[in-house]
1. Could you calculate the contour length gain from S153 to E106, that is, 0.36 nm times the residue separation minus the distance between their Cα atoms, to one decimal place in nm?
2. Tell me, in nm to one decimal, what length is gained between D84 and T65 on full extension, where the rule is 0.36 nm per residue of separation less the Cα-Cα distance?
3. Any idea what Rg and Dmax come out to for segment 1-103 if you just take the C-alpha atoms, in Å?
4. What number, in percent, do you get for the relative contact order of segment 30-109 if the mean sequence gap of Cα pairs under 8 Å and at least 6 apart is divided by its residue count?
5. Of all chymotrypsin sites (Phe, Trp or Tyr not before Pro) in segment 84-183, which ones are in loop regions per DSSP and have a Cβ with at most 11 other Cβ atoms within 10 Å?
6. What is the percent of Cα-Cα separations in segment 44-182 that go past 24 Å?
7. Taking springs between alpha-carbon atoms closer than 10 angstrom, which of A49, A102, A64 fluctuates most in the Gaussian network model of the chain?
8. Using Cα-Cα distances under 8 Å and only pairs 6 or more residues apart, what relative contact order does the chain have, in percent?
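The values are calculated or read from the model by the stated rules, or taken from the named source; none is laboratory data. If you're wondering where the values come from, they're calculated on a predicted model, not measured in any experiment. Every residue, glycine among them, receives a Cβ derived from its backbone with ideal geometry; neighbour counts consider all protein chains shown. Quick note on the areas: whole protein, heavy atoms, side chains included, nothing else; ligands and nucleic acids left out. Shrake-Rupley method; radii C 1.70, N 1.55, O 1.52, S 1.80 Å.
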Amino acid sequence: MAEKEIVTDTKIVYEGPIFSVETQSVQLYNNQTSQRDIVRHVPAISVLAMVDDDHIILEKQWRATIGDFILEIPAGKLDERDFDAPHHAVVRELNEELRMTAGTIERAIGFVETVGFSDAYMHLYVAKSLQPIAKSDQLPRDLGETMDLITISFDDLKEMFEAGKLNDQKTVTAFLYWAYLRG
């Protein structure tokens, strides 16, 4: 039977602009105590950017966390402008990363990214009817952010998934959602 833990003490051991690290002392169901280290992360959005029914746009970019390039869907964290309307972050990220705007943006699902140690929550949106943004209306990218934009078909993404080459969680989730939509 699953049992709830009782938090008896909490301490912030690190606080940064994107996440903080909290240490909790917890009392277990059997009265023993344990420690939980939790990464508290600001919520984020990700975007299944549909070129058409059979193609999406992925980004190839360097990720220091894995020391390698990765193919992933566009994504970004929410800031003070977005907490009540994550849709605004989608519009901003489409502009910053893809240099596009969308005719329609709909929320698909939301999920906890790494529940074993973090409360990081991500909203997945679907953007359609993409149009380029005029250079004069483009927002600056984050410091040091560079990427290659790749248009990929559903069939090619499915091949990557089946070969185990699709390894970014938000992109896997978006692919599975896309596959669900296609029936």
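1. Using 0.36 nm per residue and subtracting the Cα-Cα distance, I get 14.9 nm.
2. Using 0.36 nm per residue and subtracting the Cα-Cα distance, I get 3.9 nm.
3. Every Cα atom of segment 1-103 included, Rg and Dmax give 19.3, 56 Å.
4. Averaging sequence separation for qualifying contacts and normalising by length gives 24 percent for segment 30-109.
5. F117
6. Within segment 44-182, distances greater than 24 Å cover 26 percent of Cα pairs.
7. So, out of A49, A102, A64, the one fluctuating most is A64.
8. In percent, rounded to a whole number, it is 21.
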